[in-house]
Structures are given as C-alpha cells and as structure tokens.
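Enquirer: Can you read through this structure? Questions will come right after.
The values are calculated or read from the model by the stated rules, or taken from the named source; none is laboratory data. Being a predicted model, the structure only gives us computed values, none of them experimental. Backbone-built Cβ (ideal geometry, glycine too); neighbour counts: all protein chains shown. We work out accessible area using only protein heavy atoms, side chains counted, and drop any ligands, DNA or RNA first. Shrake-Rupley method; radii C 1.70, N 1.55, O 1.52, S 1.80 Å.
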Amino acid sequence: MNLGDYLFWEATNGLLLIPTVIGLFVLMRWFRGQPVFTERDWLFLFGHSRKELFSLRLVPRSAALWLLVVIVGLGISFYVFPYGLEWFAGAVLQKDEG
C-alpha cells in the first residue's frame, strides 16, 4: 500500500465508519427506551461532564480556537497557495529533521 491508500483508508474510517457505529449505538439505546447519552458517555467522549461542556466558559475558548483556525487558514491561502498546490503539499508533508 502506498501513502494515498493509507490516507484514503483513514478518511473512510473517520468520515464514514465511526459516525455510523455511533449512530447505531444511539438508535439501539433509543429503541430499548434507555437514555441516549448518559453522564458516563459524556465523560468518555469529551473528558468533561455535560454541565462543564456547555458552560459559558466554553464559549470564549471555542471562539478563540475558531479565530486561530481562520487566521491560519487565511495565512495558508494568501502565502502558500500562490506558489502552487505541489509546494503546499510538500511543505505539509516535510518532516522535521531536528
């Protein structure tokens, strides 16, 4: 297998298989009359309880991370993409020799 095959496999797992399995578990619990998400599930998936996850403290953190992602994306689009997609892929895949 080459690098493209590995990337395709990981993309398939991440985008198709994992959400499908989570959806099947949710449907099974719903049909059985059990709560769909328990406190234990929230702790397992996110590491925090539901009250902590949806607190007002999360809003500024999420906004700051979102702003960082937007700034990095704009930086990439303005400074890297004009050189071409091959240059961008080479810069992303280049490993640090330090």
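Enquirer: Loop only per DSSP, at most 16 neighbouring Cβ atoms within 10 Å: give me the trypsin sites (Lys or Arg not before Pro) in the range 31-98, ordered by residue number. Provide the component values of the computation, followed by the final result.
Expert: Numbers: sites: 32, 40, 50, 51, 57, 61, 95; in loops: 57, 95.
Loop-located and lightly packed - 57, 95.
Enquirer: So, in nm, how far is label residue 15 from label residue 55 when the simple model puts each one 7 Å beyond its Cα toward the Cβ?
Expert: Taking the two extended label points, one gets 3.6 nm.
Enquirer: If you don't mind, there's one more thing I want to ask. Leaving out ligands and nucleic acids, note down the accessible area per residue over the chain with a 1.4 angstrom probe, in whole Å². Before the final figure, lay out the partial values.
Expert: Working: 8980 Å² over 98 residues.
Accessible area per residue, the chain: 92 Å².
Enquirer: Still on this structure, please answer the following. Within the chain, what whole-number % of the accessible surface is contributed by carbon and sulfur, with the 1.4 Å probe and all protein chains included in the calculation?
Expert: Working: 6410 of 8980 Å².
That share works out to 71 percent.
Enquirer: Based on a Kirkwood Rh over C-alpha pairs, give the Stokes-Einstein translational diffusion coefficient of the range 20-91 at 25 °C and viscosity 0.890 mPa s in µm²/s.
Expert: On the way: Rh = 16.0 Å.
Answer from the Stokes-Einstein relation: 154 µm²/s.
Enquirer: Rank 33, 73, 84 by mean-square fluctuation in a GNM of the chain with C-alpha springs under 10 angstrom and give only the top-ranked residue.
Expert: Top of the fluctuation ranking is 84.
Enquirer: Using the membrane-span-like helix rule (whole DSSP H runs, Cα extent along the own axis of at least 20 Å, mean Kyte-Doolittle hydropathy at least 0.5), which helices of the chain qualify?
Expert: Details: long enough: 18-32 (22 Å, 1.33); 58-79 (31 Å, 1.84).
Sorted by number, the helices that extend far enough and score high enough are 18-32, 58-79.
Enquirer: At 222 nm, what value in deg cm²/dmol follows for the chain if DSSP H runs of at least 4 each add -39500 (n - 2.57) and the sum is divided by all its residues, to the nearest 500? Spell out each step's value before the answer.
Expert: On the way: 6 runs with 68 residues, N = 98.
Rounded to the nearest 500, it is -21000 deg cm²/dmol.
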